[in-house]
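Structure record follows, encoded as structure tokens.
The values are calculated or read from the model by the stated rules, or taken from the named source; none is laboratory data. This one's a predicted model, so the numbers in the text were calculated from it and none came from an experiment. Cβ coordinates were reconstructed from backbone atoms using ideal geometry, including for glycine residues, and neighbour counts include every protein chain displayed.
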Amino acid sequence: MPDPAELYEIVGDWEPPADSGLVLLHALDGFLDAGSAAQLAANHLVETLDGEIVARFDIDLLHDYRARRPPMVFVEDHYESYTPPQLVVHALKDSTGVPFLLLNGPEPDVMWERFTSAVGQIAERFGVRLVVGLGGVPMTVPHTRPTTLTAHGTRPELVRRTNVWRGNLRIPGSASALLELRLGERGQDAIGFVAHVPHYLASVEFPQASAALLDGVAEETGLLLPVGSLHQAGVTRLREIDAQLADDPQAVGVVKALEEQYDSFVSNRQQAELGGEMDDNVPSGEELGAELERFLAQLERGDDDSR
């Protein structure tokens, strides 16, 4: 099996400024990216900020091509082009010229332990002070409420936000989560933000969540990131969703019920933090969200069995 150092190569001769204390963001396209929240955020940074690729992973060692087949173009009688997956580290500069790193691309399908070791080596090579993960999870929350985040980190003092949704969970693993765990075990500070995406919208792009992630990164790291166009894209997407739902009273009723369920939960959480007791009668949003998800799926297919 390859050594972690064999999984990647350093590209070019880029070096960080002396004593810069770089931040390394990572946004992996895979399991932990509902609404494509992390990938939209990463793509936005690459497209809007100056930068270059400084490290490249050997994708052939990490990717399952049959599980996630890359796109090819067939023209009449021949294959014309192929777009291979890339897992790379970009060196970018924020809006004031402060450098930072961004690791993005498909989540590795194999060799997670070697991958996490390789990222640790890259972090050490470039003098990274803080690693920040981005992700999105489907939640029974309405799209009409601001996107909330769950913050986590390798040390309690690194998590400065109070999470609205709290609890002890046994969850499926991801390369991003394992990366944070292993970095913490090696003494590297790492934090992460997971955006709460309405689970009936988890399979479509939800830029509102991407903007919330980058706002969280900016708040915690001091980086000045261009988020305005993502916020505007989020507003546009919300208008599109509302327009789809407006003609169906049943769907509007489901959204209203989700809003009431969400608002009750938040109110109860705030009451508990002030010393009160949680109301155990607050209803679950699972069935409500499932009904709304069914309705939106019908719109995408162009059918509606209610007619």
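Tabulated data for the structure shown
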item: Residue match in the stretch 159-174 (condition: out of contact with any helix residue (DSSP H, G or I) (no Cβ under 6 Å at 6 or more places or on another chain), buried (at least 18 other Cβ atoms within 10 Å of the Cβ) and not basic (Lys, Arg)); result: yes
item: Residue within the stretch 115-124 that is assigned to a loop (DSSP other than H, G, I, E, B), exposed (fewer than 14 other Cβ atoms within 10 Å of the Cβ) and assigned by TED's automatic domain parsing to the domain that holds Leu181 present; result: no
item: Listing of helices (runs of 4 or more DSSP H) fully contained in the stretch 132-250 that carry 2 or more residues being touching a strand residue (DSSP E or B) at 6+ places or on another chain (Cβ under 7 Å) and within 30 Å of Thr96 (Cα to Cα); result: 175-185, 207-221
item: Evaluation of Gly21 against (1) modelled with pLDDT of 95 or more; (2) small (Gly, Ala, Ser); (3) out of contact with any helix residue (DSSP H, G or I) (no Cβ under 8 Å at 6 or more places or on another chain) (one fails), failing number; result: (1)
item: Single match in Glu259, Glu293 (criterion: among the acidic types (Asp, Glu), under 19 Å from Gly35 (Cβ atoms), at pLDDT below 85 and surrounded by 13 or more Cβ atoms within 10 Å (Cβ to Cβ)); result: Glu293
item: Single residue of Val254, Val266 found to be in contact with an Asp or Glu (Cβ under 7 Å, 6 or more places away or on another chain), at pLDDT below 90 and either crowded, with 17+ Cβ neighbours inside 10 Å or not assigned by TED's automatic domain parsing to the domain that holds Val23 (or both); result: Val254
item: Number of the exception - Ser20 against (1) surrounded by 15 or more Cβ atoms within 10 Å (Cβ to Cβ); (2) within 20 Å of the chain's Cα centre (by Cα); (3) of a type in the set (S, T, N, Q); result: (2)
item: Cross-chain or 6+ apart pairs with Cβ under 8 Å, the stretch 11-31 first and under 16 Å from Leu103 (Cβ atoms), then among the aromatic types (Phe, Trp, Tyr) and modelled with pLDDT of 90 or more; result: Pro16/Phe126; Leu22/Phe100; Leu22/Phe126; Val23/Phe100; Leu24/Phe100; Leu24/Phe126; Leu25/Phe100
item: Set Thr150, Thr144, Thr162: member being of a type in the set (S, T, N, Q) and closer than 22 Å to Gly30 by Cβ; result: Thr150
item: Some residue of the stretch 212-231 being over 29 Å from Ser20 (Cα atoms) and among the aliphatic types (A, V, I, L, M); result: no
item: Some residue of the stretch 5-26 being assigned by TED's automatic domain parsing to the domain that holds Gly105, small (Gly, Ala, Ser), at negative phi and in a loop (DSSP other than H, G, I, E, B); result: yes
item: Test: Glu260 is in a helix (DSSP H, G or I), of a type outside the set (Ser, Thr, Tyr) and out of contact with any Pro (no Cβ under 9 Å at 6 or more places or on another chain); result: no
item: Elements of type strands (runs of 3 or more DSSP E) in the stretch 46-106, at least 1 residues being crowded, with 16+ Cβ neighbours inside 10 Å; result: 51-57, 88-93, 99-106
